[in-house]
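First comes the structure, then the notes that go with it.
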Amino acid sequence: MNFDKNAYTVESLTVGVHTIRYRQFADLLYADLPANAAYQRMHIYAPEGFYEGESINGYTLATAPVFMPNQVGGYMPGEPAAPGETQEGSGIPNTVFCALEHGYVVAAPAIRGRVQQDENKTYTGKAPACIVDYKAAVRYLHAFAKDLPGDEEKIITNGTSAGGALSSLVGSSGNHPDYEPYLKAIGAADAGDEIFAASCYCPIINLEHADAAYEWQFLGVNEFRRMQMNLTEGGRPEFSAVDGDMTPEQVQTSKDEAALFPEYVNSLGLKDEQGRALTLAADGTGTFLEYVKAIVLESAQKALDRKTDLSGETWLTVEDGRAVGMDFPAYARAITRMKTAPAFDGLELETAENDLFGSENVNCRHFTKYSLEHSKKRGEMAPEQVVRMLNPMSYVDAADAQKAKYFRIRHGECDRDTSLAISAMLVAKLRAQGCSVDYHAPWGVPHAGDYDLDELFAVSYTHLRAHETPEHL
Ligand code: DHB
């Protein structure tokens, strides 16, 4: 592992009316003992103007924040991000392009994913590989900070869904000893893996409690609607709608899982920003439900303030232009259920998460007691410690985990991939530990990310440059 500051190319790229010039340091290996050398690498990009003494939005070669996006989705292997278009032919600059144009340095790691195998058919990308790789890449940045462009004390991770989970996890678990043996095993740099800020879109976290949270939200919605992707003969993805009703057994699972959620929420000792305890009664009602409702109501209010017509949302009560109340079960019906129960730990070991929690030799395993006990495949259980290492909730209040100061978490108001409760619980826990969390559930946004880059970069611009008070985040 090394960093040669003379090994670069200078690139120029135009998207639409925007042109950037940047210096690219390609294929930097961030592990000395790689389990998968093709993936344990990253590219680093810096605005070329920095090397000519320019500043961009006040940032210089020495002071620019280091934006660190990952492209992991579905816990699959993540390719290193590169400047370009959002989609081929869209003419819209993508996240990395915008970050460079904004005056950030960008560090874009590849990350191992759940399906990868070596030549002996040994799985090399099962949990905790994805988080270990992201941390190893952070360690590389700290180790070579002196020679790298940008300010490595200002690393900002970014990701969506599984990638948002990884971003939140790096932000919550800096330098925690749990990861040490894994980092040593891949020969990660001898440096810290703490970061400054984490940007997380719809993080798919807290997997061992996500089934219960999902059923708490969607209990009574027994019809599911989802899109299925098939590959055409030409290898192109094609989507078709799959709608159906849960089987009686799945409906029972939904009830069983929903019943597990209050005890979990109550065990967390969460409080809202006014210091009120967030709890649930056995029937799923209580202050925690009101807290989640308030997130949806705030979302609706912002939409109303933009003059969005919400008169068709019959679950929402609007008085004098104020979103004053909602019927939570009717809201869940309106946004529709995507996953059948159990949503994450599949009884047939069929989900992405079952696959994530496989081992070197076993493809898929369970990670909840409920699904282990109800397994139709006599599935094995993943080790508790590995499940814990994928959950930021395990680290937020650990004294030996260095938390990012700033979190920006976005979870679309009509996301159905995981319950809104999942991000809401993380936010409450982070705030209780003094982290500054900018949290919002944007109206009408499904499971998606990077849809508000102007705001993302403008916000961090304010506090990174002007040292604004945390309230501005
Ligand atoms: C992702 C989506 C899911 O619904 C899930 O269970 C895991 C990951 C994703 O988009 O990354």
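Derivation of every value follows stated rules applied to the coordinates shown; laboratory data play no part. This structure is a prediction, so every number in the text was calculated from the model and none was measured. Every residue, glycine among them, receives a Cβ derived from its backbone with ideal geometry; neighbour counts consider all protein chains shown.
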J(HN,Hα) series, the range 319-325, from Karplus relation 6.51 cos²θ - 1.76 cosθ + 1.60, nearest Hz, glycine and proline x: 10, 6, x, 10, 7, 10, x
Ranked packing of 228-234, 303-309, 289-295, 379-385, most packed first, by mean Cβ within 10 Å: 289-295, 379-385, 303-309, 228-234
Efficiency of FRET between L231 and R306 - r from beta-carbon atoms, R0 45 angstrom, step 0.05: 0.70
Sites D256 and N2, calculated FRET efficiency, Cβ-Cβ separation with R0 56 Å, nearest 0.05: 0.55
Radius of gyration and Dmax over the Cα atoms of the chain, both given in Å: 22.1, 67
Packing-based order for 217-227, 406-416, 133-143, using average beta carbon neighbours within 10 Å, highest first: 133-143, 406-416, 217-227
Label point distance in nm, D397-Q274, each placed 7 Å from Cα along Cα→Cβ: 2.2 nm
Debye-sum result for the range 87-223 in log10 I(q)/I(0), which assumes one identical scatterer on each alpha carbon, at q = 0.12, 0.15 Å⁻¹: -0.60, -0.87
Evaluated over the range 318-473, the Cα radius of gyration and Dmax, each in Å: 19.1, 61
Integer Hz, Karplus 6.51/-1.76/1.60 couplings in order for the range 227-239, x for Gly and Pro: 9, 10, 9, 10, 8, 6, 4, x, x, 8, x, 10, 10
At R0 = 45 Å, FRET efficiency that the Cβ-Cβ distance of N361 and D327 yields, to 0.05: 0.40
Residue exposure sequence - L29, L61, L356 - by fewest surrounding Cβ within 10 Å: L29, L61, L356
Amide H partners (placed H, <5 Å) of F224, local residues excluded: G244, D245, M246
Bridge type composition, the chain - antiparallel percent by DSSP, nearest 5: 60 percent
Two-decimal ratio, the range 1-153, of alpha-carbon radius of gyration to 2.2 N^0.38 Å: 1.07
Orientation-averaged projected area, Cα convex hull of the range 240-345 (nm²): 9.2 nm²
Partner aspartates and glutamates for K146 [C-alpha distance under 17 Å; skip if fewer than 8 residues away on the same chain]: D4, D190, D193, E194
Computed lengthening from T317 to E348, 0.36 nm per intervening residue step minus Cα-Cα distance: 7.1 nm
